[in-house]
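For reference, the structure discussed in these notes is given below.
Computed from the coordinates by the stated procedures, all read-outs in this text should not be read as laboratory data. Worth saying up front: this structure is predicted, and the values here are computed from it rather than measured. Note: ideal-geometry Cβ built from the backbone for every residue, glycine included; neighbour counts use all protein chains shown.
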Amino acid sequence: MYHEGMDERDDQIDEGVASPAGSPGRVTGFFARIGPLARPWLEQSALNLKVWIPALQSKVMKSGQVKYRAREHRAGLTWKLILPSQCWHCGTTEGLSRRDFNLSIRAFDGPLAIAGGTFGVAVLLLAVALVFRVWWPFNLGFLLSLLGAGLLALKSWREKVKATFWTCAAHAEDLVPPGVVSHDEDLYVFLPTEELASKARAEVVAARRREGKYASEMPVDRPASDGRPPAVAKSPAPSPEESSIPTRLPGTRTELPPLKLAGEEDGPPAPHV
């Protein structure tokens, strides 16, 4: 009986104990609530940084990147993209259904200079604060971070992206919005497969050629494949108006007699007596 009573009292004490404020459980719950809200912002920030600094991109990321120009695919502040007519995953062209995405992204003016001058210096100050265990570099770095965030917000604007994808019934549920970044009058779209990205890049180049975006090179006379010299272009025949214009032939040149000096005579000189 004594042991049973002690066990019941211990259970009641355990159930009645409350976690103190600032306990690890409370902190974990805070991050669990704020994590889903901060994750899209962190992912987009990382994607922007990889576009601003291409050296940070992996080989797989570069193979799935397609770049669209503003003068071809943007009207005002709205981008309109139509991906190739094939399934985004398997590439089939039969039994496709359309899926539209309406995305909103933020574009920046000169973001790399602002971020490097504020966040970069803030990181260095934070390292100094940790090494020398002083607080003023940490406070200064925090203020620089706030300044950088404010400058980026002031020199930024919202752009809309309307992207049309095609999918088969088997992969319709797995289709998610692509990663997009607007930077320097270009839109960078990161597609899920290399095959789809390659086809999209080919369509962009073909559309530019049809609209005359690429300057055609001057034709160069080259020998034919059978080794014969190229044909000499003949001058066009003169028009009737040009043929009726009289032409003047240069006249014959007449030799002038030699000039005579003073004292010279026409006949031979008379002999002296």
Order of S97, S63 from fewest to most other C-beta atoms within 10 Å? S97, S63
Please report L187, L146 as a ranked list, fewest other C-beta atoms within 10 angstrom at the top and most at the bottom. L146, L187
Estimated translational D of region 154-198 in µm²/s (Stokes, Kirkwood radius over Cα pairs; 4 °C; 1.567 mPa s): 102 µm²/s
Considering the Cα trace of region 90-129, what is its radius of gyration and what is Dmax, both in angstroms? 21.4, 61
Links that overshoot a 24 Å alpha carbon limit, given the list K62/K162; K59/K162; K59/K160: K59/K162; K59/K160
